[in-house]
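Peer 1: Starting off with a structure, shown below.
The values are calculated or read from the model by the stated rules, or taken from the named source; none is laboratory data. Computed from a prediction, not measured in an experiment: that's the story for all the values here. Neighbour counts are summed over all protein chains in view; Cβ atoms, including those assigned to glycine, are modelled from backbone coordinates with ideal geometry.
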Amino acid sequence: MVGSASRFGDGKPLVLIPQLFATDISLFPLSMWLKALGYRPVTAGHFMNMENPSNDRSLSRVIRDITRKVGRKVIVIAHSSSMTQVLAAAHKNRELVSDVIVFDAKNRPTTDGLRVHFLQSNWPPLNGIAELPRLLRSIGMELIEGMGWTGTPHSHAQLAEGEGS
């Protein structure tokens, strides 16, 4: 990148979760923006995000896959409508998740030691998203011992197929 040694995202892995009854496609603009800022966003591979065991397993698998591939703890980003699912997966994979960011949470549940950040969008809706880069820069990179970076995954499908390296 012209004028700097590295982009400010420094390849930090992010797992993006759509709000309930939405698909990963709804996250495409956010994903592309975060990628342009130097982050490594992936989606959970949900055709439609619904609170069900299949999506819970899928989210846990994505978290494990990206940390194995990159060797860094992930930051999970979700809308409040997916908060229960996301917090459950983060607790289950606590050693692989550095932080959770939740947009528009009306209530703030007990997080049992997880670092959870709550961003409010209010109106206009983009206010919370405008705060996201500042918050992401404040979260340190956490490596997972014994794991090294091996590629640049862009989606869960690429991780599963071994592409993106």
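Peer 1: If I go through segment 62-99 residue by residue, how many of them are touching a residue at least 60 places away in the same chain (Cβ under 8 Å), more than 15 Å from P109 (Cα to Cα) and out of contact with any Phe, Trp or Tyr (no Cβ under 7 Å at 6 or more places or on another chain)?
Peer 2: Number satisfying all stated conditions: 12.
Peer 1: How many of the residues making up segment 60-108 are touching a strand residue (DSSP E or B) at 6+ places or on another chain (Cβ under 7 Å) and under 22 Å from S138 (Cβ atoms)?
Peer 2: Narrowing segment 60-108 to residues touching a strand residue (DSSP E or B) at 6+ places or on another chain (Cβ under 7 Å): 62-63, 66-67, 70-80, 82-83, 86-87, 90, 96-105, 108.
Then keep just the ones that are under 22 Å from S138 (Cβ atoms); that gives 63, 66-67, 70-80, 83, 86-87, 90, 96-105, 108.
So the answer is 29.
Peer 1: To continue, here is another question. Here's a check for you: in segment 19-51, which residue that is in a loop (DSSP other than H, G, I, E, B) and modelled with pLDDT of 85 or more is surrounded by the most Cβ atoms within 10 Å (Cβ to Cβ)?
Peer 2: Top of the filtered list is Y39.
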